[in-house]
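Below is one structure, written out as C-alpha cells; the observations come after it.
Nothing in this text is a laboratory measurement; each read-out follows from the coordinates by a stated rule. A quick note: this is a predicted structure, and the numbers were derived from the prediction, not measured. When we count neighbours, we look across all protein chains shown, and the Cβ atoms used for this are built from the backbone with ideal geometry, even at glycine.
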Amino acid sequence: MLFEHLGSASAEGKSAIVILGASGDLAKRKLMPALSVLRKQGMISEDSIITGVGRSKFTDEEFRDRFEISDDFKNQLFYHHGIQGLKDYLNEKGPFQRMIFFLSLPPSSYSGTVEQLYNEGFREEINIVIEKPFGRDYESARKLNESIHRYYPEKQIFRSDHYLAKEAVQNILIFRFANSIFEASWNNNYIESIQISAFETLGVEERGSYFDQAGSIRDMIQNHLLQMLCLITMDPPISLNATDIRVQKTGILKTIEIEEVSRGQYNGYLEEKGVSPDSDTETWAEMKLKINNHRWAGVPIYIRTGKALNRKGTEIGLKFKKRPHALYNAPDGTPSNEIIFKVQPSAGIILQLNGKNPGMDLQLARTDMAFCYNSSFKDEIPEAYQKLLADALKGDHTLFVSSIETETAWQKIDGIMNKGKLIHYDKGCVPKSIFDNIWIDFERYKNTC
Ligand code: BG6
C-alpha cells in the first residue's frame, strides 16, 4: 500500500536536454535508453528536444539512427556540431522551461567545456550534469570546482554518482528514518561492525586506458562506496531537503579515518588493452576505517571492491554485537544478528535472526526475514540514469554530490592511493582478505531475494 507521496518525478513543460559527447558509449548505453523511458512515462513532454553535441559531424538522421528507440522519440532528437552557435540554435527551437546539459565527456575537458558554455551565452537557465570521475585527487577536484564556480554557482551543478540513484540505495534513508524500530540500535552500543562489499565479474573491458589511470580506490571507493557509507551512518537530516541531507553526509565524510588498506590486481590485467605493461593499478581494494563521531566511535568499518571476481553483487551489512550473557549456548555462542541491504543484482533488505529449529530438542537455527523488491512490488525498478536525468530536469540535488562532499572524500583517500604492495589474484577468484574472519558471508544471501 502506498500511503505517502513525498516527491513527484515528473518535470512538466518543454525541456531541452543537451548531451555533450553524444557519440560516446554512455549516451548509447545509458542516457538514450533512460530518456526514452522517461518520454514513454510522460516525464519528458512530446515537444521537448534532445540535442546531441559533439566534434563528429552527423546529420539529425544519422544521429537518430545510432539509437534503438521508437520512431516517435527519434523525431525529438537533433544534432549540433560543437558548442559554437549552440545558443542561437537552441533559441530557435525554444523557448524551454528547463535546460540540462549532460557532460558525457573525458574529465580533462570538463573545465574547458563549462567555460565554453558560459562564453556561448548560457547563464542561469541551464543545469549542468557532470559524470564521475570528478577530479583524480583532492587538489584536482578542488581546482575543478573552483574553475566551474567561476562561471556557474553550485545550484546549477549536478555531480552524478549513479549509485545514489539505485532504488535500493535510495531506500536506505527511508528504511532508517521511516521505521522507528531501528534507530535505537543504530550506533556503537549495538553494532559490532559495518561492511560494504561491491563485487564485479567483468574486468576492465574496453576501459583499460581510463581505469589504469584510476584504479578501484578512485573508481569505486571515493564515490560509490563512501556515499553508501554516508547514507548508512549519517544522523537524521532536519528535513528531506537536499542541502540538509548533504550536511549530514559531509559530517560523516569529515570524520572518516582510514586505518588499513590492501590492494590487489587480477592476473592478466597487464595484458588488457590500454593498460601499461608495468602498471601497479589496483583492480581490488579492501580497507578498514572508522568514523570518529559520537554514534560510531569504536565500530570498525570494512569496505572492499574489485573487478574480475567470482560474482556480481553489492551489499551493505550491519553486524550486531552478541548479547553479553548468552542464554542459548550454541557451540560458538549465539550467532550475531545481521541486517543486509542487497543493492544488486536483486534488491532487498534482510534481517538475519536466530530461531528455534523445529523438533523436540532446543536447537538454534539461523533464519532470515526478507523484504525483497521483486516480491513486494510489482513496479519495475527504474534504471539509475532515469532517476538522475529526471531529477536534474527538476533541479533536485538530493541524489547528486556536492562540491564539499567530493572534495572531502578525496581528502580522505589521497593518502592511501597507490600505496603498499599489490597482491595478485586469478580472474573469477576473490583475493585473500586481510580481514578474513570478519566478513559477513554475503553470498549466503544470494538466493534470499
Ligand atoms: C562505475 C565505474 O562508476 O561503476 C565502473 O567506473 C564500474 O568501473 C561501475 O564497473 C559499476 O556500476 P554498476 O552499476 O554496474 O555496479
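Given the options Glu200, Glu206, name the one that is within 16 Å of the ligand (Cβ to nearest atom), in contact (Cβ under 8 Å) with a residue 60 or more places away in the chain and more than 26 Å from Glu380 (Cβ to Cβ).
Matching residue, one of Glu200, Glu206: Glu206.
Could you tell me which numbered condition His294 fails, if it satisfies all but one of (1) away from the ligand (no atom under 13 Å from the Cβ); (2) surrounded by 18 or more Cβ atoms within 10 Å (Cβ to Cβ); (3) not in a helix (DSSP H, G or I)?
Result: His294 fails condition (2) only.
List, please: which pairs have Cβ atoms under 8 Å, are six or more places apart or on different chains, and start with a residue in segment 156-171 that is touching a residue at least 12 places away in the same chain (Cβ under 8 Å) and among the acidic types (Asp, Glu) and end with one that is within 11 Å of the ligand (Cβ to nearest atom) and not in a helix (DSSP H, G or I)?
Asp161/Lys132
Kindly check whether there is at least one residue in segment 271-291 that is farther than 17 Å from Thr233 by Cα and part of a helix (DSSP H, G or I).
So far as segment 271-291 goes, yes, one or more of its residues are farther than 17 Å from Thr233 by Cα and part of a helix (DSSP H, G or I).
When you go through Gln248, Gln265 one by one, which is the residue that is farther than 21 Å from Glu315 by Cα, within 16 Å of the ligand (Cβ to nearest atom) and not aliphatic (A, V, I, L, M)?
Details: Gln248 fails: within 16 Å of the ligand (Cβ to nearest atom).
Result: Gln265 is the single residue among Gln248, Gln265 that is farther than 21 Å from Glu315 by Cα, within 16 Å of the ligand (Cβ to nearest atom) and not aliphatic (A, V, I, L, M).
Pick from segment 106-136 the residues that are of a type outside the set (Val, Ile, Thr) and touching a Pro at 6+ places or on another chain (Cβ under 9 Å): which of them is nearest to the ligand (Cβ to nearest atom)?
At the first step, the residues of segment 106-136 found to be of a type outside the set (Val, Ile, Thr) are 106-112, 115-125, 127, 131-136.
Okay, now just the ones that are also touching a Pro at 6+ places or on another chain (Cβ under 9 Å), so 107, 124, 131-136.
Details: Pro107: 11, Glu124: 30, Glu131: 9, Lys132: 6, Pro133: 8, Phe134: 11, Gly135: 14, Arg136: 13 Å.
Within segment 106-136, the match that is nearest to the ligand (Cβ to nearest atom) is Lys132.
Could you say which residue among Gln265, Gln248 is among the polar types (S, T, N, Q) and within 19 Å of the chain's Cα centre (by Cα)?
Gln248
Which of the residues belonging to segment 68-104 are among the hydrophobic types (A, V, I, L, M, F, W, C) and part of a strand (DSSP E or B)? Please lay out each step first, then the result.
The initial filter retains those residues of segment 68-104 that are among the hydrophobic types (A, V, I, L, M, F, W, C), namely 69, 73, 77-78, 83, 86, 90, 96, 99-103.
Scanning segment 68-104 gives Leu77, Phe78, Met99, Ile100, Phe101, Phe102, Leu103.
If Ile438 passes every condition in (1) part of a loop (DSSP other than H, G, I, E, B); (2) among the hydrophobic types (A, V, I, L, M, F, W, C); (3) within 23 Å of Ala214 (Cα to Cα); (4) in contact with a strand residue (DSSP E or B) (Cβ under 7 Å, 6 or more places away or on another chain) but one, which one does it miss?
All conditions are met except number (3).
Go through segment 137-165 and report how many residues are surrounded by fewer than 22 Cβ atoms within 10 Å (Cβ to Cβ) and either within 16 Å of the ligand (Cβ to nearest atom) or within 24 Å of Asp379 (Cα to Cα) (or both).
Number satisfying all stated conditions: 1.
Kindly establish whether Ala168 is of a type in the set (A, V, I, L, M, F, W, C), within 16 Å of the ligand (Cβ to nearest atom), under 22 Å from Lys132 (Cα atoms) and in contact with a Gly (Cβ under 9 Å, 6 or more places away or on another chain).
yes
Residues of segment 230-243 being in a helix (DSSP H, G or I), of a type outside the set (A, V, I, L, M) and out of contact with any helix residue (DSSP H, G or I) (no Cβ under 9 Å at 6 or more places or on another chain), which ones?
Residue satisfying the conditions is Thr243 alone.
For segment 72-95, which positions are charged (D, E, K, R) and within 20 Å of Met32 (Cβ to Cβ)?
Correct list: Asp72, Lys74, Lys93.
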